[in-house]
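Chemist: Pasting in a structure now, in structure tokens, and then I'll have a few things to ask.
The values are calculated or read from the model by the stated rules, or taken from the named source; none is laboratory data. What you see is a predicted model; the values in this text were computed from it and never measured. We place every Cβ from the backbone using ideal geometry, glycine too, and count neighbours over all the protein chains shown.
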């Protein structure tokens, strides 16, 4: 029931498969047009997984160690080790390790009390970022800026985020990455420090974009509330079926990493919710509160209304405190607070984990989203040609050239759209080009072949067939005799 075809190509494999159709494995050792080594290894691997014993020691004679792979299909659980964001000896280049999943290095500026923390965001290093898509673009969630500010402040003893205002979205490219900097200014008399978050997509010649500004301060008193009674007595459950699909249709697409809203209830103007970080997305220790988890808490805002409204994203935070880091499952209570809402976040026992005094949401316009996108690598734009001050050039039509050959000789091609016109135009162009190249009188002149409509400028235009034929012919002549002929 198993056949290995030895030969230069898979000539017999399809015949055998066509005759023996029931429970048969046919493996060609080589295939025409394929790399021989890769194809041979592929054949051995296919035999191996179908139950044939392969002597791997003949292929790999060196001493090695066998590693068992999972026996289940790969799903969303990562098996291979993640790339570290802080590899190498940073002290050797004069900076300190930030020891955070989003921030790799920190440096204190000489002559001041300011500190700069830097890191690089990418879908490769932080795969969960790809699950936050707004208007077709991958955005760092607003909770990501909160995490950056809190973690940076924690480096200098400022564990509370007094305020944070988001000014521009941060678009994460699908390939490559974006550099982020968190700048902590000098402390005032109360110990508070200004904080800003900038990003730059590309090399050192690219400009920085400021995304958020705020203030961090030393923590004063921890939040005090009790969510032990759960679900809240008298609260009405909220049906969450289809909510993520409705949000995606409105322009906010949450992938699995951000689909952490598990259950919700309403009681008057308050909303209660259970939120959990999906398995595998909290493996990176070091977060104050994982941005995907805090974002899922924010998703409960507005659940007291029946319908999903326009996409609203975090605009401003005030009074953010995290007392228990690295939480993966929480309870949240949302209460109206002025123009925004207050969030009380507790663990599974109802004890405080974090709190947000005020959160304000705003709609994100298409213009704001476009402003946050990096410029495309390629673009098409019409530029005015202007005029050139140059001395007059002597020129003449081909038919008017006599013994005194001018600097430029113009050969005009007649337009046409049938086969006969194409033949006439190309034969005429060929005859004159051959004469031009063979006659020494033209050695110091330039032949200008002029057509009309031979090249389409817009997608709606249909090129002139005779002119297009002349262009093809003359371009071949140009490649053989560079600098002698010009097409216009």
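Chemist: Working only within the range 215-258, note down all residues that are in contact with a helix residue (DSSP H, G or I) (Cβ under 6 Å, 6 or more places away or on another chain) and within 25 Å of residue 357 (Cα to Cα).
Modeler: 216, 258
Chemist: State yes or no: is residue 33 part of a loop (DSSP other than H, G, I, E, B) and more than 30 Å from residue 69 (Cα to Cα)?
Modeler: yes
Chemist: Looking at the range 101-129, which of its residues are without any contact (Cβ under 8 Å) to a residue 40 or more places away in the chain and outside any loop (DSSP other than H, G, I, E, B)?
Modeler: 105, 107, 108
Chemist: Right, next: Taking the range 176-192, which residues are without any contact (Cβ under 8 Å) to a residue 40 or more places away in the chain and either closer than 27 Å to residue 130 by Cβ or buried (at least 17 other Cβ atoms within 10 Å of the Cβ) (or both)?
Modeler: Scanning the range 176-192 gives a single hit, 192.
Chemist: Here's a follow-up. For residues that are under 52 Å from the mean Cα position of the chain (by Cα) and part of a loop (DSSP other than H, G, I, E, B), scanning just the range 406-430, find the one that is nearest to residue 476 (Cα to Cα).
Modeler: In this case the residue turns out to be 413.
Chemist: Of the conditions (1) within 29 Å of the chain's Cα centre (by Cα); (2) modelled with pLDDT of 95 or more; (3) farther than 20 Å from residue 219 by Cβ, residue 331 satisfies every one except a single condition; which number is it?
Modeler: Answer for residue 331: the failing condition is (1).
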